[in-house]
Amino acid sequence: MKCNNAMGLWSKIKGKGTQFRGPPAVGEAIKNNLPTSEMIDSCSVAGPGFVNVVLSKNWMAKSIQKMLVEGIDTWAPQPPVKTAVVDFSSPNIAKEMHVGHLRSTIIGDTLARMLEFSKVKVLRRNHVGDWGTQFGMLIEFLFEKFPNFEDATETAIGDLQAFYKASKQRFDSDPAFKERAQQAVVRLQGGEEKYRRAWAQICEISRTEFHKVYQRLGVHLEEKGESFYNPYIPGVIEGLTKQGLVEESQGARVIFIEGINIPLIVVKSDGGFNYASTDLAALWYRLNEEKAEWIIYVTDVGQQQHFDMVFKAAKRAGWLPQGDNYPKASHVGFGLVLGEDGKRFRTRNTEVVRLVDLLDEAKNRSKAALIERGKGEEWTEEEIESTADAVGYGAVKYADLKNNRLTNYTFNFDQMLNDKGNTAVYLLYAHARICSIIRRSGKDVEELKNKGTLVLEHKDERDLGLHLLQFAEVVEEACTNLLPNVVCDYLYNLSEIFSKFYSNAECKVIGSDKETSRLLLCEATAVVMRKCFNLLGITPIYKI
């Protein structure tokens, strides 16, 4: 390990009457003042003042063995928060979940998993769009198509997306229908029973559709949609008005935000509420009722300014502290998913891609690849299905998460399902190979953990050990900066470093005089890989 603090310190003390004559002398002073520690084997100063620290291989080996005995949870970071809200996925009722929702769902789930691993209580919130003027149109159309609307099911309605389109077409072309739809909104929002029941029916049918996606992805969310926060809006706006934050502007009521030339509209000129009204009420609720110390919103980068304005309004109101202290709110933006043509990812007829179909295709392709490799004869149907699930869905998730979330990425099945390069397939197979090494040894790895001893003599063993020990700080960095790709980079590098160790003839595992130690190193690598998969929402496979 190299420490370059001496150069930084020298630039601060230079010319201030110090006894040091340049960075190397500062480096020597740092080296000479380091307390003795079982972690450190030796220290030296090199070049322009680098302090080189050699970690003790005994300490490294003991730390890894302790993790094997006590479990990977002992390596979890400890962020300074007890409760966090992660607001992610958030599709609109009666509309198809599209690729943008896929990104939000995958990224949000990983952030929630990283915080949960770090012992934070995470409220996984699905802030669905289940309120607003479009419901008048949908309810009125439902009454027309199904006089006994409570019999309407997903099967009866068929494609909810088509139902939405047909109702919108009717709304735009038939003034009498439009009039009835506008009345329906008023009656729904006034709490009229029949309209509430029809609204609940439409929401339920939509939920069934969403559930198909969440089930395939293994993602759990608790729904608290726009309608949940609606009753809190008037009180929240009244509170902000009393503080002098809300002003009249062109018939609307707005909050002016310093440095932004458009105001945040909190009550429209027709007296109605909007996204900003709901988001302020939701933020208030999360801080005051749910006592969240960190509130994380996962949406596309296009909504960055909106959330920036909401957070600044909350700071002006004193709900959130100035600066970067807790409680705090963070917007996690992400880029677009592009097709092969470099444009927004769509099907041939320019429709948005249905997520269920996309996930099914990933699974079917990975199943076909398994059968092509002759697994149809070797494995049970159940083994083929579960492996195809793990590989297909894992490939889609990893292809998304390995990029810095702010960049756009191109969706390409062939690339993401390739078993070479930085893909989930390569990593899942690498994990399965490690498991097969341990199985081939015929040894009981649980027994070895308690009775065997891990030693890191060879350079490749030490390199692998050092990388394993960096796991906790990598997860902490990914959590702090809300960047899942940091975990992906670490996992891919771990796989490559393991491969170098295992393919070195000097590091033979089975049948060597260091077999026990090297099996423990294999097991430690598999344990860390599995935890990385778990954080990324990917199911590991144990044989290929």
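The values are calculated or read from the model by the stated rules, or taken from the named source; none is laboratory data. It should be emphasised that the depicted structure is a prediction, and the values quoted were computed from it without experimental measurement. Neighbour counts run over all protein chains shown; Cβ positions are idealised from the backbone, glycine included. When the accessible area is computed, the model is the full protein with side chains, heavy atoms only, and any ligands, DNA or RNA have been set aside. Shrake-Rupley method; radii C 1.70, N 1.55, O 1.52, S 1.80 Å.
Just a few scattered comments:
- Residue within the range 125-136 that is touching a Phe, Trp or Tyr at 6+ places or on another chain (Cβ under 6 Å), at pLDDT below 90, on the phi > 0 side of the Ramachandran plot and not in a helix (DSSP H, G or I) present: no
Results for (1) on the phi > 0 side of the Ramachandran plot; (2) buried (at least 20 other Cβ atoms within 10 Å of the Cβ); (3) out of contact with any His (no Cβ under 7 Å at 6 or more places or on another chain); (4) among the polar types (S, T, N, Q), shown as yes or no for each residue.
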position	(1), (2), (3), (4)
Gly465	no, yes, yes, no
Leu468	no, yes, yes, no
Glu476	no, no, yes, no
Thr480	no, no, yes, yes
Asp489	no, no, yes, no
Ile497	no, no, no, no
Tyr502	no, yes, yes, no
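- Subset tally (residues that are assigned to a helix (DSSP H, G or I), touching a residue at least 12 places away in the same chain (Cβ under 8 Å) and farther than 20 Å from Lys543 by Cβ) for the range 410-463: 10
- Condition check for Gly47: farther than 28 Å from Lys451 by Cα and touching a residue at least 24 places away in the same chain (Cβ under 8 Å): no
- Evaluation of Ile205 against the conditions (1) farther than 27 Å from Asp360 by Cα; (2) in contact with a helix residue (DSSP H, G or I) (Cβ under 9 Å, 6 or more places away or on another chain); (3) at pLDDT below 90 shows that the sole unmet condition is (1).
- Where helices (runs of 4 or more DSSP H) fall entirely within the range 465-544, those with at least 3 residues that are touching a Pro at 6+ places or on another chain (Cβ under 7 Å) and farther than 23 Å from Gly452 by Cβ are at 471-481.
- Criterion (closer than 19 Å to Met97 by Cβ, open to solvent by 30 Å² or more (accessible area, probe 1.4 Å) and either assigned by the TED database to the domain that holds Glu226 or not in a loop (DSSP other than H, G, I, E, B) (or both)) met by exactly one of Ala162, Ala176, Ala200: Ala162
- For Val85, the conditions (1) modelled with pLDDT of 95 or more; (2) more than 18 Å from Leu221 (Cβ to Cβ); (3) buried (at least 19 other Cβ atoms within 10 Å of the Cβ) all hold with the exception of (2).
- Those residues of the range 211-230 which are among the hydrophobic types (A, V, I, L, M, F, W, C) and either within 14 Å of the chain's Cα centre (by Cα) or buried (at least 19 other Cβ atoms within 10 Å of the Cβ) (or both), in sequence order: Val213, Leu217, Val219, Leu221
- Whichever residue in the range 233-253 is open to solvent by 80 Å² or more (accessible area, probe 1.4 Å) and outside any strand (DSSP E or B) and, among such residues, is modelled with the lowest pLDDT: Gln250
- Flag if Gly218 is at pLDDT below 90 and out of contact with any His (no Cβ under 6 Å at 6 or more places or on another chain): no
- Restricting the range 297-316 to residues that are open to solvent by less than 10 Å² (accessible area, probe 1.4 Å) and touching a helix residue (DSSP H, G or I) at 6+ places or on another chain (Cβ under 6 Å), the residue that is farthest from Ala276 (Cα to Cα): Val298
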